[in-house]
Amino acid sequence: MRRRRAAPRPLTQPRSPVISVRVRLLFFVCAVACLASARGLAAPRPNVVIILADDLGRADLGYAGSDIRTPNLDRLAATGVRLERFYACPVCSPTRAGLMTGRWPIRYGLMRTVIPPWSAFGLPAEERTLAEWLAPAGYARRGIFGKWHLGHARRAMLPPQRGFTHFYGHYNGAIDYFTHLREGETDWHRNNETVKEEGYATDLLAREAVRFVNESPADAPYLLYLPFNAPHSPYQAKPDDLARYPERQGNRRIYAAMVDAMDQAIGRVLDAIAARPDADNTLVLFLSDNGGNLPVASNRPWRDGKFSVYEGGIRVAALARWPAGGLTGGRVCAEPMGYIDVVPTVLGVAGVKPEATARPLDGRDVLAAMQGKAPAPRRPWFSYFAPGDTECAAVTLENWKLVLTGGAVLAATPDAASKIELFDLGADPAEARNLAASEPDRVAELRALLADFGRLQQTGVTAYAEGRRGFKAPKDWVIRD
């Protein structure tokens, strides 16, 4: 009897119900991921860390060839992106204002000079800070540790009332690094309360920043703003740091030790970030609030320094690192950008779209320029400083830069005695050759831009010294109003 041939075995066996469910789940996850990618949905929002130095010379960093030890900032430069054409203001309060708002400080009266201890002026409540922008976007922890310098006359001006959940530091600039005094009173606070504790200011600020990083949950983004007072005067350093610079003399030696101490402090913060599982999704920005103060600091090869609208006063050291966002590898970005671009750039990476308001952002999202994917937007860049009767202003458009020095330099018809200078930064980055006489049409074009910018100036903006005579600081800088 002939046997029947068995039916051929199927090439694949029937899947078990468990395996089938797993496969379908895998397909579902992949489909969702593809859909999210197609729709441009954002990855987890990054942590944002902004570190601000005060009066740091652009050339006073190890990676720039300085003898000052800055291994941690060198590491940030080597693993991130060097922003070689990053602009700030000639002095600190205006930079801090634009850094927090993304708007030209001239719009709200904060571009003329710094806020001194005796001033009743500050960042207007109508101006939204970066912390206030990020609060509804899932950034539940928003800390500032350091120098505020955006107003202290009323309680409503202080950081806890301007969107920050954590504040530790000082209201004014130029505090004593060891006693934390300004104008004879303790200017050292935790949230809205004055605290008295011993320690070198730079170290204390880093300690609190590290604690903030360590205590932040890994499943939610945070904002950390670390504006050091260092290396601003008064020139005060710890003996161990001074001992590293025996070849330097006087304030230059102390300044070097202060920069060294700040770098050590930054290193502790960077180490805390690196120890977290979300380290790669942390955007770190480092910059100085203005150029270094001559002759203590060095801004080479740029001309001049703090208090000046020449490149040495406004073109500052700046670095960015965000591994998940492509800001890595030690690249050099030579695209022009600056302090007012920080807010729109951070809002972009955080997935926040600013609504159309009567207070539009002046800065631009420059992430693509930082990444090397696109040029920075073409636009004029303005600088202005007017602590008294003599003013200075500059406008840069691409490589052409106009500098005016004298009286009422932002007026449509400036003082006839004003000094007029025109530089081609492409051919003359040191601003040594004045081309104003040979380029009258370009001078006229740039002067018109300055005049338009000047129309944004608020009325009644006081000079730096106004209100100084007879001023007495409140006890322990307690602000009750």
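The values are calculated or read from the model by the stated rules, or taken from the named source; none is laboratory data. Quick caveat, the model's predicted, so the values are computed rather than measured. Virtual Cβ from ideal backbone geometry, glycine too; neighbours counted across all protein chains shown.
Odds and ends about this structure:
So that you can scan it fast, the table gives a plain yes or no per residue for (1) among the charged types (D, E, K, R); (2) touching a Cys at 6+ places or on another chain (Cβ under 8 Å); (3) more than 25 Å from Ala256 (Cα to Cα):
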{"site": "His170", "(1), (2), (3)": "no, no, no"}
{"site": "Glu193", "(1), (2), (3)": "yes, no, yes"}
{"site": "Ala206", "(1), (2), (3)": "no, no, no"}
{"site": "Asn214", "(1), (2), (3)": "no, no, yes"}
{"site": "Tyr222", "(1), (2), (3)": "no, no, yes"}
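- Test: residue in segment 91-108 that is among the polar types (S, T, N, Q) and either touching a strand residue (DSSP E or B) at 6+ places or on another chain (Cβ under 7 Å) or over 21 Å from Tyr339 (Cα atoms) (or both): no
- Scanning segment 356-406 for residues that are among the basic types (Lys, Arg) and more than 18 Å from Val316 (Cα to Cα) turns up Arg359, Arg364, Lys373, Arg378, Arg379.
- On inspection, Glu185 does not qualify as out of contact with any strand residue (DSSP E or B) (no Cβ under 8 Å at 6 or more places or on another chain) and farther than 13 Å from Trp477 by Cβ.
- Each residue in segment 446-461 was checked for being surrounded by 15 or more Cβ atoms within 10 Å (Cβ to Cβ) and either in contact with a helix residue (DSSP H, G or I) (Cβ under 8 Å, 6 or more places away or on another chain) or not basic (Lys, Arg) (or both), and 9 of them qualify.
- Members of segment 119-138 that are part of a loop (DSSP other than H, G, I, E, B), surrounded by fewer than 19 Cβ atoms within 10 Å (Cβ to Cβ) and touching a residue at least 60 places away in the same chain (Cβ under 8 Å): Ala120, Glu126, Gly138
- Segment 433-456 - residue that is outside any helix (DSSP H, G or I) and either in contact with a Leu (Cβ under 6 Å, 6 or more places away or on another chain) or acidic (Asp, Glu) (or both) and, of those, farthest from Val114 (Cα to Cα): Glu439
- When segment 207-226 is filtered for residues that are out of contact with any helix residue (DSSP H, G or I) (no Cβ under 7 Å at 6 or more places or on another chain) and outside any helix (DSSP H, G or I), the ones remaining, listed by number, are Ser216, Pro217, Ala218, Asp219, Ala220, Pro221, Tyr222, Tyr225.
- For segment 49-84, a residue qualifies if it is among the hydrophobic types (A, V, I, L, M, F, W, C) and over 19 Å from Trp302 (Cβ atoms), and the qualifying residues are Val49, Ile50, Ile51, Leu52, Leu76, Ala78, Val81.
- Only one of the numbered conditions (1) in a loop (DSSP other than H, G, I, E, B); (2) buried (at least 22 other Cβ atoms within 10 Å of the Cβ); (3) without any contact (Cβ under 8 Å) to a residue 60 or more places away in the chain is violated by Gly163, and that is (2).
- Answer from Gly267, Gly292 - the residue that is assigned by the TED database to the domain that holds Arg112, at pLDDT 95 or above, under 19 Å from the mean Cα position of the chain (by Cα) and surrounded by fewer than 19 Cβ atoms within 10 Å (Cβ to Cβ): Gly267
- The requirement of being out of contact with any strand residue (DSSP E or B) (no Cβ under 9 Å at 6 or more places or on another chain) and modelled with pLDDT under 95 is fulfilled somewhere in segment 43-58, by at least one residue.
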